[in-house]
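Laboratory data are not the source of any read-out in this text; all were calculated from the coordinates shown. Being a predicted model, the structure only gives us computed values, none of them experimental. Reconstructed Cβ throughout: ideal geometry from the backbone, glycine too, with neighbour counts over all protein chains shown.
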Amino acid sequence: MSVKELEERVMLTKNQYLNIEDFLKSTYENYRITHQKNRYLDDNKRTINSLRHVLRIRSFTHSKNRELTYKVDGVDGDIEYNQILTYYWFRKLTQESRLLPGEVSEALLKDNVDINSLKVLVDLRTRRLEVSLKDYTIVLDANLYNDIVDYNLEVESNISKEHAKKVILDFCKKFDLTYQDDYVVKSLRALNSIKS
């Protein structure tokens, strides 16, 4: 199933992360904390990376299933193609470069990705604190990849990308954060950390 993401993000220092975590936990009773692992894949030519798209397998500590996602830049937010990945297909993909048929493989083939040479390039582990509100979700992440730890705050809007930006700018003002239009998403930070 494809979905459109309407999000804005900012990078944080460790102290900013801890301050915002304290604020969210003391302000909202409905927060939840999850742990997830993202495995980022590409073909031998790094076609996906050159398109600035992302192919990932996401797994959660509380679930047996994994989610396969192909994320493509959209005009007003990213478009995500998602499929549930059973353990059988997870092993086929990670060990044999065999991709299950469906919406993800169709989108990859349209982008001329060699789906028979896909391999995991980097793993990223995230501790996520999430608060769901009426019109948006606040997401606070601590990320670990290639011995690097970084922190970010995301706002996922149910209305528009402009709404997400307004909410994130309110957080920037409240916590003295620096907003940048050229934010590098965590998948690219992880992929850029790969040593050749």
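At-a-glance table
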| item | result |
| --- | --- |
| Rounded D (µm²/s) - the range 18-78, Kirkwood Rh over Cα pairs, Stokes-Einstein at 20 °C, 1.002 mPa s | 148 µm²/s |
| Order by protection proxy (mean Cβ within 10 Å, highest first), peptides 62-68, 79-85 | 79-85, 62-68 |
| Values of log10 I(q)/I(0), in the order q = 0.26 Å⁻¹, for the range 90-136 under a Debye, Cα-only, solvent-free model | -0.95 |
| Theoretical ellipticity at 222 nm over the chain - DSSP helices of four or more residues, -39500 (n - 2.57) apiece, nearest 500 | -8500 deg cm²/dmol |
| Rounded Å value of the spacing that divides the Cα centres of the range 122-145 and the range 152-190 | 12 Å |
| Percent breakdown of C-alpha pair distances by 5 Å bin, ordered from the shortest bin, for the chain | 1, 7, 15, 19, 20, 16, 12, 6, 3, 0 |
